1. In cubic angstrom, how much convex hull volume per residue do the alpha carbon atoms of the stretch 125-242 span?
2. In a Debye calculation with equal point scatterers on the alpha-carbon sites of the stretch 191-267 and no solvent, what is log10 I(q)/I(0) at q = 0.14, 0.15, 0.18, 0.23 Å⁻¹?
3. For the stretch 219-225, in order, what is each residue's ³J(HN,Hα) by Karplus, 6.51 cos²θ - 1.76 cosθ + 1.60 with θ = phi - 60°, in whole Hz (x at glycine and Pro)?
4. Which of the GluC sites (Glu not before Pro) found in the stretch 1-57 are loop residues per DSSP with 13 or fewer other Cβ atoms within 10 Å of their Cβ?
5. Using DSSP to define loop residues, name the trypsin sites (Lys or Arg not before Pro) in the stretch 1-81 whose beta-carbon has at most 14 other beta-carbon atoms within 10 Å.
6. Along the stretch 70-79, what does the Karplus equation 6.51 cos²θ - 1.76 cosθ + 1.60 (θ = phi - 60°) give for ³J(HN,Hα), rounded to whole Hz, x for Gly and Pro?
7. About its Cα centre, what dipole magnitude does the chain give when the only charges are +1 on Lys and Arg Cβ and -1 on Asp and Glu Cβ, stated in debye to the nearest 20?
8. When the chain is treated as a GNM, springs tying every alpha-carbon pair under 10 Å, which of 74, 217, 244 comes out with the largest mean-square fluctuation?
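What follows draws every value from the coordinates through simple rules; no lab data is involved. Keep in mind that this is a model prediction, so the values were computed, not measured. So basically every Cβ, Gly included, is an ideal-geometry build from the backbone, and we count neighbours across all protein chains shown.
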Amino acid sequence: MPATRILMCPPDHYHIDYAINPWMERNTGEVSLELAREQWTALHDAIAARAEVTLIEPVEGSPDMVFTADAGAVCGGVAVACRFFHPERQREAGYFKRWFEEHDYDVHEPPASFEGGDAWIDPEQPWIWIGYGFRSSNAAHRCVGEWLNREVLSLKLVDPRFYHLDTCMSVLARGYVMYYPPAFDAESRQLIEARVPAAKRIVVAEDDVMKFACNAVNIEDTVIFNSASDTLKSTLAEAGFDPVEIPLGEFVKAGGSARCLTLKLLG
């Protein structure tokens, strides 16, 4: 089985000087770049011990480029490039698109806003979960599904604290899904329950979702996240996962964590 490949971007130019989500609103100018580098390096090293890490060069003036999950959705040699909703991030799109092209991906650009943080591809299922409501438009969902040759399962987000799907949901190995139900409307909760058997649904408490426990990187049976309660860690262990905590508080200040800092390049 080929090794998991993950794209990351060093935090050389990371800071918070604008607010495009509720987390940023209370943390403008509050980042310690030195500590952010230490935390990013700890995450990088933990992932590199379990997967192949590829880097994209950071660009001055694009502080959120460190959150590579937002670059798009990648599967089977096809990349659906991001189309950012907020003007503050739109210049990043060109850098990510160029990287995809230089690495021989078949690149597509959606007709409406689409950010990779709203997309969870389950490599073991023929579908892709895509969130909408704050950043990505459901007008882009059909095209994304066609390009990636997957059924689209659209989920409406209703809590502005959880503006991307990956802040309140995580697709794990062996059919498991970890999620915070109040982040979704009733129809979306019903869809999750219809597609994911009860035994495979890990419901996350508010305490844990606020620690960005759902914003996790799953590599085989390892689940890496910022922080989680003993209860959630025990639940994951009982399901056969090895939960690994890596403090990422400097990135949580911007509304991001482990998954936001990584993009899986699925084969």
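1. Values: hull volume 11.8 nm³, N = 118.
It is 100 Å³ per residue.
2. Normalising to I(0) and taking log10 leaves -0.47, -0.54, -0.77, -1.14.
3. So the Karplus estimates, Gly and Pro as x, are 10, 6, 9, 9, 10, 9, 8 Hz.
4. On the way: sites: 25, 30, 34, 38, 52; in loops: 30.
Sparse-neighbourhood loop GluC sites (Glu not before Pro): 30.
5. On the way: sites: 5, 26, 37, 50; in loops: 26, 50.
Here the trypsin sites (Lys or Arg not before Pro) that fit, given the DSSP loop and packing criteria, are 26.
6. 6, 4, x, 10, 10, 6, x, x, 10, 10
7. On the way: 24 positive and 40 negative charges, 120 e Å.
The dipole magnitude comes to about 580 debye.
8. The residue with the greatest mean-square fluctuation here is 244.
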